[in-house]
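First comes the structure, then the notes that go with it.
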Amino acid sequence: MAESKNIILTGIRPTGALHIGHLVGALSSNVEIQNKGDYSRMYGMIADAQGLTDNFDKPEKVHENVMEVVLDMLAVGYDPNKTVMFIQSEVSELTELTFYYMNLVTVARLQRNPTVKTEISQKEKFNGGIPVGFFTYPISQAADITAFDANIIPVGEDQLPMIEQAAEIVHKFNSIYGETLVTPHAIVPKSEAAARLPGTDGNAKMSKSLNNCIYLKDSADEIAAKVKTMFTDPNHLRIEDPGNTTENPVFIYLSVFAKPEHFAAFLPEYSNYEELAAHYERGGLGDVKVKKFLNSVLQETLEPIRERRELFARDPDAVMEVLRVGTEQARAAAAETVSRVKRAMKLNYFD
Ligand code: TRP
């Protein structure tokens, strides 16, 4: 088999423990990509500096969540022998690249970035005005990507404008200073894995502040309690009533997590999701029964992840060592890019 030339980079902001939305939206597919092995190098970056761009007044929050997030990553199968796991702020070359790329981006272009636009419009977030660091984070993200010559960037839909803007910066840089940087391409996990999981309360988004998440580190009891109080179809009052499955988080979760093995083990009257959903829609199937099944499915799915997490959590020094080694590798690669960039920009006085 020919050596793959792909360099893959994934990034996660450490601003909270990861939940099952992250698992289906990104983590599972990242691990699948990692284990397929079609790359010369794969990076898993913990984007703490980016996390600070909208949490600059909460340094403890970002600091503490670096450990939470690395434990979550290891628990779901990130393997430090395959993925270079590192901390963004420890690679100072990234801020250096950001400064140079700032010359290549206009204020108007940043204002048009749909992701930045949406985040800025969530006004309560920035009642003291928009920090320049936040406003320019797409530029810093271009640095994260290009520093490692990454050509494949697995992301969720919401991040597509970021990768597009990074590619623009690459083209502009290369056209002014000569072929230097690698153009990144986004890949978005397909099908059901890409489904955005709603919160347990039926809100479209799972978010810590809404208190509607099921975390990868939740205990069996916490999972059971959360499933028990989940929002379902408010019009499904009596068991005989026809029910709605499409706006019902219990069914949305089942459509993502319930495999035929789960039906065979816990609910053998049905052989798959479609049969169960059809019965609920017809009427005659109660929420309690469906929730009990969802609980079994989630317990089965999350138990091995939680156990691995607990194992790693017992040795935090070893976990930090994983990040230290990864960060050193990342720094070496980024330093090589910075000298290439500076040479291209004629900032190489002492060569
Ligand atoms: N912005 C990404 C997120 O919020 C995290 C991130 C930072 C990232 N730098 C990156 C993702 C570089 C991909 C490539 O999820």
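The values are calculated or read from the model by the stated rules, or taken from the named source; none is laboratory data. These numbers were taken from a predicted model, which means no experiment stands behind them. Here the Cβ positions follow ideal geometry from the backbone for every residue, glycine too, while neighbour counts run over all protein chains shown. Accessible surface areas use protein heavy atoms only, side chains included; no ligands, DNA or RNA. Shrake-Rupley method; radii C 1.70, N 1.55, O 1.52, S 1.80 Å.
Observations on the model:
- Filtered GluC sites (Glu not before Pro), region 177-269: DSSP coil and at most 14 other beta carbons within 10 Å: Glu179, Glu240, Glu247, Glu269
- Expected 222 nm ellipticity per residue - DSSP helices of 4 or more, -39500 (n - 2.57), all of the chain, to 500: -16000 deg cm²/dmol
- Over region 1-71, the pair-distance histogram of Cα-Cα distances with 5 Å bins from zero comes to 4, 16, 22, 19, 16, 11, 7, 4, 1, 0 percent, rounded to whole numbers.
- Net charge of the neighbourhood of Gly283, taken over other residues with C-beta under 13 Å away and scored Lys/Arg +1, Asp/Glu -1, is -3.
- Carbon-plus-sulfur accessible fraction, region 220-310 (probe radius 1.4 Å, protein heavy atoms only): 54%.
- With only Cα atoms counted, region 89-167 has Rg and Dmax values of 12.8, 37 Å.
- By the Stokes-Einstein formula, at 1.306 mPa s and 10 °C, region 193-344 with its Kirkwood radius over alpha-carbon pairs has D equal to 87 µm²/s.
- Across region 17-157, counting alpha-carbon atoms alone, Rg and Dmax equal 15.9, 46 Å.
- Once the trypsin sites (Lys or Arg not before Pro) in DSSP loops with at most 14 neighbouring Cβ atoms within 10 Å are cut out of the chain, the longest remaining piece is 6-189.
- Accessible area in square angstrom per residue, region 220-310, 1.4 angstrom probe: 53 Å²
- When the C-alpha to C-alpha distance is required to be over 31 Å, the pairs from Lys36/Lys259; Lys82/Lys117; Lys58/Lys291; Lys61/Lys82; Lys5/Lys58; Lys190/Lys226 that qualify are Lys82/Lys117; Lys58/Lys291; Lys5/Lys58.
- Around the Cα centre of the chain, unit charges on the Cβ atoms of Lys, Arg, Asp and Glu (plus for the first two, minus for the last two) sum to a dipole of about 760 debye.
- Cα convex hull volume per residue for region 230-273 (Å³): 87 Å³
- Our compactness index for the chain, the C-alpha radius of gyration over the empirical 2.2 N^0.38 Å, is 1.10.
- Summarising the overall dimensions of region 220-310 from its C-alpha atoms, the Rg and Dmax are 13.2, 43 angstrom.
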